[in-house]
Amino acid sequence: MAGFYRSGLLEKYEGCFHAVTTKESALFCHGSLALHTGEPAEEVVANRREVAERLGIGQQAHFVVAEQTHSDHITIIKGRESRGWHTAEDAVADCDAMITDQKGVVLTILTADCVPVLLFDPKKAVVAAIHAGWKGTRANITGKTVQEMVETFGSDSKEIVAFIAPSIGRCCYEVGEDVARHFLDRETFDRVGEKYMLDLPLINQKQLLAAGLNVENIERCGQCTSCEAERYFSYRKEQGCSGRFMSMIGLR
């Protein structure tokens, strides 16, 4: 990874660790971190080791990766062990959002256009990582994750801090009526002929607000993966690329 993208909002909190990886041409598959897309596993695991080393947390951290299925399934991570990091076989099954209060556990999301959302409750010391494609967004996975933090850990939604990481933007996310019909808020799309330009980051921001977060506690990075495909993997821009970058969050 040539570098890491970080949230200015989350950076203010010492108790929280986070990072978003970027491409690097010197690494295998430009630094892809996905074990589920058919590349040689040993090469991808080597990329993951490189990430942990550069972050300076490789010896102490337990990385948790999920088998993402575009669902609204949420898993509470209760143990301090790596899962899905060295092999896809022990990834968290059928899951698109994870929550933990375990220090040293790093929750990860793999994307190449979908919306990664990272949450941190500084009062209760709880973090969450969410994968929100259009299906997960339709199912309000982001709002449901906030509610799970409230119900399971006693979080106050007004205390939760959110970072909407790089994802495809309204400028590039063209969908048909079959997808757009699930999102009736005119503020979240533009119609261009028979097509719609959908704003998934904005929809997820609205879901965070509906879940009770304060607007000043939400950061949308504003970087479009399709526009910046030289820095991030973009399934659409790169016409079905197999690479994925990783958004991650944990408690120190």
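Bear in mind that the values in this text are calculations on the coordinates, not laboratory data. As the structure is a computational prediction, the values presented were derived from the model and not from experiment. Reconstructed Cβ throughout: ideal geometry from the backbone, glycine too, with neighbour counts over all protein chains shown.
Assuming a strict under-20 Å limit between Cα atoms, what lysine pair count do you get for the range 60-197 once near-sequence pairs (fewer than 8 apart, same chain) are dropped?
13
Among 46-52, 242-248, 28-34, 150-156, how do they line up from the highest to the lowest mean number of other beta-carbon atoms within 10 Å?
Working: 46-52: 18.0, 242-248: 24.4, 28-34: 21.6, 150-156: 14.9.
Ranked by mean Cβ neighbours within 10 Å, highest first: 242-248, 28-34, 46-52, 150-156.
Pick from M98, M197, M149: which is most flexible by mean-square fluctuation in a GNM of the chain where alpha carbon atoms under 10 Å apart are linked?
Among M98, M197, M149, the largest GNM mean-square fluctuation belongs to M197.
Set the Förster distance to 25 Å, then compute FRET efficiency between Q60 and T152 from the Cβ-Cβ distance, nearest 0.05. Don't skip to the answer; put the middle values down first.
On the way: r = 25 Å, r/R0 = 1.01.
Once the sixth-power term is evaluated, E becomes 0.50.
Counting each DSSP H run of 4 or more residues in the chain as -39500 (n - 2.57), what helix-only mean residue ellipticity at 222 nm follows after dividing by all residues, to the nearest 500 deg cm²/dmol? Numbers along the way, then the final one.
On the way: 5 runs with 48 residues, N = 252.
The helix-only estimate for the chain comes to -5500 deg cm²/dmol at 222 nm.
Which of the GluC sites (Glu not before Pro) across the range 204-252 are loop residues per DSSP, with 11 or fewer other Cβ within 10 Å? Present the calculation step by step, with values, prior to reporting the outcome.
Values: sites: E216, E219, E228, E230, E238; in loops: E228, E230, E238.
In loop regions of the range 204-252 (DSSP not H, G, I, E or B), the sparsely surrounded GluC sites (Glu not before Pro) are E230.
Looking at the square roots a ≥ b ≥ c of the eigenvalues of the Cα gyration tensor of the range 23-105, which shape do they give, rounded for a/c under 1.5, prolate if a/b is larger than b/c, or oblate?
Because a/c hits 1.5 or more and a/b fails to exceed b/c, the range 23-105 counts as oblate.
Remind me, relative contact order of the chain in percent, using alpha carbon pairs under 8 angstrom and six or more residues apart?
In percent, rounded to a whole number, it is 25.
Please give the contour-minus-distance gain from E216 to H86: 0.36 nm per residue of separation, less the Cα-Cα distance, rounded to one decimal in nm.
Gain on stretching E216 to H86: 43.1 nm.
Give the separation of the Cα centroids, the range 180-252 to the range 99-153, in Å.
Here the two parts' Cα centres lie 15 Å apart.
Can you tell me which of S25, S167, S71 moves the most in a GNM of the chain? Springs connect C-alpha atoms under 10 Å apart.
Of the options given, S25 has the highest mean-square fluctuation.
Which of the peptides 122-130, 168-176 is most tightly packed, and how do the rest follow, going by the mean number of other Cβ atoms within 10 Å of each residue? Let's see the in-between values first.
Working: 122-130: 22.6, 168-176: 18.0.
My ranking of the peptides, most packed first, is 122-130, 168-176.
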